[in-house]
Amino acid sequence: MNFPSKSVASGHIAMLIFSLLVSGSFVLGSIIANLIDPDLVTFLRFVIAFSLIAILIIFQDKLYLVKGLSPWKSLILGVLISIYFITMFEGLKTANSTSMAVVFTLTPLLAGLFDLFFSNRVMSIKVWITVIIAAIGALWIIFDGKFENLIQFKVGFGEKLFFIGCICHALYASLIPKFNRGEPAIIQTFGTLISGVIILGLFSNEKIIYSSWFDFPIIVLFTIFYLAIFATAASFFLIQYSAIRLSPIKVMAYTYAVPIWVVLLQIFFLNQFPNKITFIGALIIMISLVILLFNEEG
(Lines give C-alpha, C1' and ligand atoms only; values in the text may rest on other atoms or scores of the structure.)
Protein backbone atom coordinates (compact mmCIF):
# COMPACT_ATOMS: atom_id res chain seq x y z
CA MET A 1 0.00 0.00 0.00
CA ASN A 2 1.33 3.45 -0.93
CA PHE A 3 1.45 5.99 1.88
CA PRO A 4 -0.26 9.31 1.13
CA SER A 5 1.85 12.40 0.49
CA LYS A 6 2.30 14.92 3.29
CA SER A 7 -0.14 17.26 1.57
CA VAL A 8 -2.83 14.57 1.28
CA ALA A 9 -2.14 13.28 4.80
CA SER A 10 -2.53 16.78 6.23
CA GLY A 11 -5.89 17.02 4.46
CA HIS A 12 -7.06 13.82 6.16
CA ILE A 13 -5.91 15.02 9.58
CA ALA A 14 -7.67 18.36 9.06
CA MET A 15 -10.94 16.62 8.19
CA LEU A 16 -10.74 14.32 11.22
CA ILE A 17 -10.47 17.40 13.45
CA PHE A 18 -13.30 18.96 11.44
CA SER A 19 -15.59 16.02 12.17
CA LEU A 20 -14.97 16.28 15.92
CA LEU A 21 -15.64 20.03 15.98
CA VAL A 22 -18.84 19.66 13.95
CA SER A 23 -20.14 16.89 16.22
CA GLY A 24 -19.93 19.30 19.16
CA SER A 25 -22.17 21.75 17.30
CA PHE A 26 -24.90 19.11 16.99
CA VAL A 27 -24.82 18.28 20.70
CA LEU A 28 -24.70 21.90 21.89
CA GLY A 29 -27.11 23.00 19.17
CA SER A 30 -29.76 20.56 20.38
CA ILE A 31 -29.52 22.13 23.85
CA ILE A 32 -30.08 25.73 22.72
CA ALA A 33 -32.20 25.20 19.58
CA ASN A 34 -35.39 26.40 21.28
CA LEU A 35 -33.70 29.20 23.23
CA ILE A 36 -32.56 31.44 20.35
CA ASP A 37 -33.55 32.11 16.74
CA PRO A 38 -31.50 30.13 14.16
CA ASP A 39 -30.92 33.24 12.02
CA LEU A 40 -29.52 35.08 15.02
CA VAL A 41 -27.23 32.20 16.04
CA THR A 42 -25.88 31.94 12.51
CA PHE A 43 -25.35 35.70 12.21
CA LEU A 44 -23.50 35.91 15.53
CA ARG A 45 -21.27 32.93 14.77
CA PHE A 46 -20.42 34.44 11.38
CA VAL A 47 -19.59 37.86 12.86
CA ILE A 48 -17.31 36.41 15.54
CA ALA A 49 -15.67 33.96 13.16
CA PHE A 50 -15.18 36.66 10.52
CA SER A 51 -13.55 38.94 13.11
CA LEU A 52 -11.13 36.20 14.16
CA ILE A 53 -10.23 35.34 10.58
CA ALA A 54 -9.78 39.04 9.71
CA ILE A 55 -7.40 39.55 12.64
CA LEU A 56 -5.42 36.47 11.60
CA ILE A 57 -5.16 37.68 7.99
CA ILE A 58 -3.96 41.11 9.10
CA PHE A 59 -1.46 39.52 11.50
CA GLN A 60 -0.10 37.37 8.65
CA ASP A 61 0.03 40.41 6.37
CA LYS A 62 -2.19 38.73 3.76
CA LEU A 63 -4.94 41.35 3.54
CA TYR A 64 -3.85 42.31 0.02
CA LEU A 65 -4.89 38.82 -1.18
CA VAL A 66 -8.55 39.63 -0.41
CA LYS A 67 -8.62 41.87 -3.51
CA GLY A 68 -8.28 38.75 -5.65
CA LEU A 69 -11.52 37.22 -4.39
CA SER A 70 -14.49 37.00 -6.72
CA PRO A 71 -17.50 38.69 -5.00
CA TRP A 72 -20.11 36.57 -6.75
CA LYS A 73 -18.30 33.31 -5.97
CA SER A 74 -17.97 34.29 -2.30
CA LEU A 75 -21.65 35.23 -2.32
CA ILE A 76 -22.69 31.82 -3.63
CA LEU A 77 -20.59 30.03 -1.01
CA GLY A 78 -21.96 32.33 1.70
CA VAL A 79 -25.58 31.65 0.69
CA LEU A 80 -25.07 27.87 0.61
CA ILE A 81 -23.39 27.64 4.01
CA SER A 82 -25.91 30.05 5.58
CA ILE A 83 -28.80 27.84 4.45
CA TYR A 84 -27.00 24.82 5.87
CA PHE A 85 -26.53 26.36 9.32
CA ILE A 86 -30.05 27.80 9.54
CA THR A 87 -31.74 24.53 8.54
CA MET A 88 -29.54 22.72 11.04
CA PHE A 89 -30.78 24.78 13.99
CA GLU A 90 -34.36 24.78 12.77
CA GLY A 91 -34.18 21.01 12.47
CA LEU A 92 -32.74 20.60 15.96
CA LYS A 93 -35.91 22.14 17.39
CA THR A 94 -37.76 18.89 16.67
CA ALA A 95 -35.06 16.29 15.92
CA ASN A 96 -32.40 14.88 18.24
CA SER A 97 -28.70 15.50 17.62
CA THR A 98 -27.93 11.89 16.67
CA SER A 99 -30.55 11.67 13.90
CA MET A 100 -29.45 15.07 12.57
CA ALA A 101 -25.80 13.98 12.54
CA VAL A 102 -26.86 10.86 10.66
CA VAL A 103 -28.66 12.95 8.02
CA PHE A 104 -25.39 14.85 7.67
CA THR A 105 -23.67 11.58 6.62
CA LEU A 106 -25.65 11.62 3.36
CA THR A 107 -23.55 14.56 2.13
CA PRO A 108 -20.67 12.43 0.70
CA LEU A 109 -23.08 10.79 -1.73
CA LEU A 110 -24.50 14.19 -2.67
CA ALA A 111 -20.99 15.65 -3.00
CA GLY A 112 -19.98 12.79 -5.27
CA LEU A 113 -22.96 13.44 -7.54
CA PHE A 114 -22.17 17.16 -7.69
CA ASP A 115 -18.54 16.36 -8.41
CA LEU A 116 -19.59 14.49 -11.54
CA PHE A 117 -20.85 17.81 -12.92
CA PHE A 118 -18.08 20.11 -11.66
CA SER A 119 -14.87 18.19 -12.32
CA ASN A 120 -13.31 15.60 -14.58
CA ARG A 121 -12.39 13.33 -11.69
CA VAL A 122 -13.91 9.88 -11.85
CA MET A 123 -14.18 8.07 -8.52
CA SER A 124 -13.58 4.35 -8.44
CA ILE A 125 -16.37 1.82 -8.11
CA LYS A 126 -14.93 0.89 -4.70
CA VAL A 127 -15.38 4.43 -3.38
CA TRP A 128 -18.91 4.71 -4.75
CA ILE A 129 -19.94 1.37 -3.24
CA THR A 130 -18.49 2.43 0.12
CA VAL A 131 -20.38 5.73 0.05
CA ILE A 132 -23.63 3.99 -0.87
CA ILE A 133 -23.18 1.46 1.96
CA ALA A 134 -22.67 4.33 4.41
CA ALA A 135 -25.82 5.98 3.07
CA ILE A 136 -27.72 2.74 3.72
CA GLY A 137 -26.44 2.78 7.32
CA ALA A 138 -27.66 6.37 7.66
CA LEU A 139 -31.08 5.55 6.21
CA TRP A 140 -31.33 2.57 8.58
CA ILE A 141 -31.15 4.98 11.52
CA ILE A 142 -33.28 7.72 9.95
CA PHE A 143 -36.14 5.32 9.17
CA ASP A 144 -35.80 3.50 12.50
CA GLY A 145 -34.70 0.24 10.89
CA LYS A 146 -38.14 -0.31 9.30
CA PHE A 147 -38.57 -0.80 5.56
CA GLU A 148 -42.21 0.35 5.73
CA ASN A 149 -41.06 3.71 7.10
CA LEU A 150 -38.84 4.08 4.04
CA ILE A 151 -41.67 3.16 1.66
CA GLN A 152 -44.05 5.60 3.37
CA PHE A 153 -41.24 8.13 3.82
CA LYS A 154 -41.92 8.44 7.53
CA VAL A 155 -39.27 10.88 8.66
CA GLY A 156 -39.43 13.87 10.98
CA PHE A 157 -39.81 17.46 9.80
CA GLY A 158 -36.46 18.43 11.31
CA GLU A 159 -34.63 15.74 9.36
CA LYS A 160 -36.39 16.70 6.11
CA LEU A 161 -35.51 20.36 6.57
CA PHE A 162 -31.90 19.61 7.42
CA PHE A 163 -31.56 17.40 4.34
CA ILE A 164 -32.09 20.55 2.24
CA GLY A 165 -29.25 22.14 4.18
CA CYS A 166 -27.06 19.10 3.56
CA ILE A 167 -27.64 19.43 -0.19
CA CYS A 168 -26.36 23.00 0.10
CA HIS A 169 -23.37 21.85 2.16
CA ALA A 170 -22.43 19.19 -0.41
CA LEU A 171 -22.73 21.73 -3.23
CA TYR A 172 -20.63 24.15 -1.17
CA ALA A 173 -17.86 21.55 -0.75
CA SER A 174 -17.90 20.73 -4.46
CA LEU A 175 -17.69 24.38 -5.51
CA ILE A 176 -14.76 25.28 -3.23
CA PRO A 177 -12.02 23.77 -5.47
CA LYS A 178 -13.82 24.97 -8.60
CA PHE A 179 -14.01 28.54 -7.30
CA ASN A 180 -10.49 28.60 -5.84
CA ARG A 181 -8.06 30.56 -8.03
CA GLY A 182 -4.95 29.76 -6.06
CA GLU A 183 -5.70 31.87 -2.97
CA PRO A 184 -4.94 30.39 0.48
CA ALA A 185 -7.78 28.62 2.30
CA ILE A 186 -7.97 31.39 4.92
CA ILE A 187 -8.64 34.01 2.22
CA GLN A 188 -11.42 31.97 0.66
CA THR A 189 -12.83 31.44 4.16
CA PHE A 190 -12.74 35.22 4.70
CA GLY A 191 -14.82 35.79 1.55
CA THR A 192 -17.36 33.14 2.52
CA LEU A 193 -17.79 34.52 6.05
CA ILE A 194 -18.17 38.16 5.07
CA SER A 195 -20.76 37.13 2.47
CA GLY A 196 -22.66 35.21 5.15
CA VAL A 197 -22.60 38.23 7.48
CA ILE A 198 -23.96 40.53 4.76
CA ILE A 199 -26.67 38.10 3.65
CA LEU A 200 -27.97 37.40 7.16
CA GLY A 201 -27.60 41.04 8.15
CA LEU A 202 -29.87 42.07 5.27
CA PHE A 203 -32.51 39.37 5.67
CA SER A 204 -32.59 39.10 9.47
CA ASN A 205 -31.94 42.71 10.52
CA GLU A 206 -35.13 43.02 12.61
CA LYS A 207 -34.31 39.90 14.64
CA ILE A 208 -30.77 41.18 15.16
CA ILE A 209 -31.84 44.67 16.23
CA TYR A 210 -34.77 43.75 18.49
CA SER A 211 -33.35 40.67 20.22
CA SER A 212 -32.91 40.75 24.00
CA TRP A 213 -29.16 40.34 24.01
CA PHE A 214 -28.76 40.33 27.79
CA ASP A 215 -31.46 37.74 28.48
CA PHE A 216 -29.73 34.72 26.95
CA PRO A 217 -28.66 31.94 29.35
CA ILE A 218 -24.94 31.26 29.79
CA ILE A 219 -25.21 28.01 27.81
CA VAL A 220 -26.46 29.98 24.79
CA LEU A 221 -23.53 32.40 24.94
CA PHE A 222 -21.06 29.54 25.42
CA THR A 223 -22.53 27.67 22.46
CA ILE A 224 -22.42 30.76 20.22
CA PHE A 225 -18.71 31.25 20.93
CA TYR A 226 -18.02 27.53 20.43
CA LEU A 227 -19.88 27.60 17.14
CA ALA A 228 -18.10 30.76 16.01
CA ILE A 229 -14.56 29.76 16.96
CA PHE A 230 -14.51 25.99 16.49
CA ALA A 231 -17.52 24.99 14.37
CA THR A 232 -17.33 27.98 12.01
CA ALA A 233 -13.92 29.70 11.76
CA ALA A 234 -11.85 26.58 12.40
CA SER A 235 -14.10 24.18 10.47
CA PHE A 236 -14.40 26.56 7.49
CA PHE A 237 -10.63 26.75 7.31
CA LEU A 238 -10.22 22.99 7.75
CA ILE A 239 -12.71 22.03 5.05
CA GLN A 240 -11.35 24.59 2.59
CA TYR A 241 -7.78 23.55 3.42
CA SER A 242 -8.71 19.92 2.74
CA ALA A 243 -10.88 20.55 -0.32
CA ILE A 244 -7.86 21.60 -2.38
CA ARG A 245 -5.90 18.50 -1.29
CA LEU A 246 -8.59 15.81 -1.40
CA SER A 247 -11.47 15.06 -3.75
CA PRO A 248 -14.87 16.44 -2.61
CA ILE A 249 -16.27 12.97 -1.98
CA LYS A 250 -13.28 12.10 0.25
CA VAL A 251 -13.60 15.41 2.11
CA MET A 252 -17.28 14.80 2.77
CA ALA A 253 -16.56 11.18 3.72
CA TYR A 254 -15.36 12.48 7.08
CA THR A 255 -18.96 13.34 7.87
CA TYR A 256 -19.23 9.61 8.61
CA ALA A 257 -17.25 10.24 11.79
CA VAL A 258 -19.70 12.90 13.02
CA PRO A 259 -22.48 10.61 14.36
CA ILE A 260 -19.83 8.44 16.01
CA TRP A 261 -18.45 11.48 17.82
CA VAL A 262 -21.99 12.64 18.67
CA VAL A 263 -22.84 9.29 20.25
CA LEU A 264 -19.61 9.34 22.27
CA LEU A 265 -20.15 12.94 23.40
CA GLN A 266 -23.72 12.14 24.47
CA ILE A 267 -22.51 9.12 26.45
CA PHE A 268 -19.73 11.00 28.25
CA PHE A 269 -21.40 14.38 28.82
CA LEU A 270 -25.16 13.73 28.75
CA ASN A 271 -25.24 10.07 29.89
CA GLN A 272 -27.36 9.20 26.84
CA PHE A 273 -26.78 5.80 25.28
CA PRO A 274 -27.81 4.85 21.71
CA ASN A 275 -30.45 2.20 21.03
CA LYS A 276 -29.74 -0.98 19.03
CA ILE A 277 -30.91 0.47 15.72
CA THR A 278 -28.63 3.49 16.07
CA PHE A 279 -25.72 1.27 17.09
CA ILE A 280 -26.11 -0.98 14.01
CA GLY A 281 -26.38 1.98 11.65
CA ALA A 282 -23.42 3.75 13.25
CA LEU A 283 -21.33 0.58 12.93
CA ILE A 284 -22.08 0.39 9.18
CA ILE A 285 -21.14 4.05 8.79
CA MET A 286 -17.90 3.60 10.77
CA ILE A 287 -16.87 0.61 8.62
CA SER A 288 -17.41 2.73 5.51
CA LEU A 289 -15.19 5.47 6.92
CA VAL A 290 -12.40 3.00 7.71
CA ILE A 291 -12.54 1.59 4.16
CA LEU A 292 -12.25 5.08 2.70
CA LEU A 293 -9.38 5.95 5.05
CA PHE A 294 -7.33 3.05 3.68
CA ASN A 295 -8.34 3.65 0.08
CA GLU A 296 -5.36 4.72 -2.02
CA GLU A 297 -7.21 7.48 -3.85
CA GLY A 298 -6.70 11.07 -2.64
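Odds and ends about this structure:
- Every pair of residues 6+ apart whose Cβ atoms lie under 8 Å, when the first sits in the stretch 132-154 and is on the phi > 0 side of the Ramachandran plot while the second is surrounded by 13 or more Cβ atoms within 10 Å (Cβ to Cβ): D144/I277; G145/I277; G145/I280; G145/G281
- Residue match in the stretch 213-226 (condition: touching a helix residue (DSSP H, G or I) at 6+ places or on another chain (Cβ under 8 Å), of a type in the set (S, T, N, Q), under 20 Å from F46 (Cα atoms) and modelled with pLDDT under 90): no
- Residue in the stretch 2-14 that is of a type in the set (K, R) and over 17 Å from Y84 (Cβ atoms) present: yes
- Members of the stretch 74-125 found to be among the aromatic types (F, W, Y), under 15 Å from F43 (Cα atoms) and more than 12 Å from the chain's Cα centre (by Cα), listed by number: F89
- Condition met for I141 (more than 15 Å from the chain's Cα centre (by Cα), crowded, with 22+ Cβ neighbours inside 10 Å, part of a helix (DSSP H, G or I) and β-branched (V, I, T)): yes
- Test result for P177, within 23 Å of L75 (Cβ to Cβ), in contact (Cβ under 8 Å) with a residue 12 or more places away in the chain and not hydrophobic (A, V, I, L, M, F, W, C): yes
- The stretch 58-74 - residue that is touching a helix residue (DSSP H, G or I) at 6+ places or on another chain (Cβ under 6 Å) and within 18 Å of P177 (Cβ to Cβ) and, of those, surrounded by the fewest Cβ atoms within 10 Å (Cβ to Cβ): L65
- Single unsatisfied condition, S212 versus (1) crowded, with 21+ Cβ neighbours inside 10 Å; (2) over 22 Å from L80 (Cα atoms): (1)
- Subset of the stretch 88-111 [farther than 20 Å from L20 by Cβ and surrounded by 23 or more Cβ atoms within 10 Å (Cβ to Cβ)]: G91, A95, L110
- Of everything in the stretch 112-138 that is among the hydrophobic types (A, V, I, L, M, F, W, C) and under 16 Å from V263 (Cβ atoms), the residue that is surrounded by the fewest Cβ atoms within 10 Å (Cβ to Cβ) is A134.
- Unique residue being free of Cβ contacts under 8 Å to residues at least 24 places away in the same chain and among the polar types (S, T, N, Q) when the list is S204, S235, S212: S212
- Scanning the stretch 238-247 for residues that are surrounded by 15 or more Cβ atoms within 10 Å (Cβ to Cβ) and over 30 Å from I186 (Cβ atoms) turns up nothing.
- Scope the stretch 67-99; condition assigned to a helix (DSSP H, G or I) and modelled with pLDDT under 90; matching residues: K67, G68, S97, T98, S99
The values are calculated or read from the model by the stated rules, or taken from the named source; none is laboratory data. Keep in mind it's a predicted model, so treat the numbers as computed, not measured. Counting neighbours? That spans all protein chains shown, and the Cβs are built from the backbone with ideal geometry, glycine included.
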